[in-house]
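The values are calculated or read from the model by the stated rules, or taken from the named source; none is laboratory data. What you see is a predicted model; the values in this text were computed from it and never measured. Please note: Cβ atoms are built from the backbone with ideal geometry, for glycine as well, and neighbour counts cover all protein chains shown. What goes into the accessible areas is simple: the full protein's heavy atoms, side chains included, and nothing from ligands, DNA or RNA. Shrake-Rupley method; radii C 1.70, N 1.55, O 1.52, S 1.80 Å.
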Amino acid sequence: MALLLTAGTLTAGAQGGGEPPSLSLELNGAEATERGCRLTFVAANRLGEDIERAAYEVALFGTDGLVERLTVLDFKDLPDGQTKVRQFDLPDIDCEGLGRVLINGATACEGGENACMDALKTETRGSVAFGT
């Protein structure tokens, strides 16, 4: 019994002091380009396992609340314990007119057993709302 308690304590400690496992996506910026809008995300995998591929269907809303486009953003591999920056160029999207990015669901989650949505935490650094 004591051995089981010790193993459980070590596992919890390895996951960051009792914090639940998570995959966090932060919308870090939206920058106008010649062709459209470049979204920059910071992804941090704290699941305790590698994600071989994570891709999300997102809905892009204008500041008027209307859906402008549905698209898939492929974050590729997200190794456990690492933070990655990913950028996506969205042709014909006006950054200034972008009001919200909504994650509709995961189109691919390889290696995470649905953790791509179940353990997902979102946040934003700018004026564009971001979440599920």
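Using Cα atoms only, what is the angle between the long axis of helix 2-14 and the major principal axis of the chain, expressed in degrees (0 to 90) to the nearest 10?
20
Taking the Cα centre of the chain as origin, sum charge times position over the Cβ atoms of Lys and Arg (+1) and Asp and Glu (-1), and report the length of that vector in debye to the nearest 20.
On the way: 11 positive and 21 negative charges, 50 e Å.
Charge dipole of the chain: 240 debye, to the nearest 20.
Go through LEU39, THR132, PRO20 and say which Cα lies farthest out towards the positive end of the charge dipole of the chain; charges sit on Cβ, +1 for Lys and Arg, -1 for Asp and Glu.
Ranked along the dipole, the leading option is PRO20.
Count charges around ASP92 for me, please; just the other residues with Cβ under 14 Å from its Cβ, Lys/Arg as +1, Asp/Glu as -1.
On the way: positive: ARG35, ARG38, ARG69; negative: GLU34, GLU68, ASP89, ASP94, GLU96.
Result for the neighbourhood of ASP92: -2.
In region 52-91, whose amide N lies under 15 Å from the spot 7 Å out along Cα-to-Cβ of GLU123? List them in ranges.
Within reach of a label on GLU123, which here means backbone N under 15 Å from a point 7 Å along Cα→Cβ, region 52-91 contributes 83-84.
With all protein chains present, how much of the accessible area of the chain (probe radius 1.4 Å) comes from carbon and sulfur, to the nearest whole percent? Before the final figure, lay out the partial values.
Values: 3610 of 7630 Å².
Reported share for carbon and sulfur atoms: 47 percent.
Looking at LEU60, GLN82, GLY111, which one has the Cα that reaches farthest to the positive end of the dipole of the chain (charges on Cβ: Lys, Arg +1; Asp, Glu -1)?
Going by the charge dipole, the pick is GLN82.
So what's the chain giving for Rg/Rh, alpha carbon basis, Kirkwood Rh from the mean inverse pair distance?
1.08
Can you give me the convex hull volume of the Cα atoms of region 33-96, divided per residue and expressed in Å³? Present the calculation step by step, with values, prior to reporting the outcome.
Numbers: hull volume 5.7 nm³, N = 64.
Spelled out: Cα convex hull of region 33-96, divided by residues, is 90 Å³.
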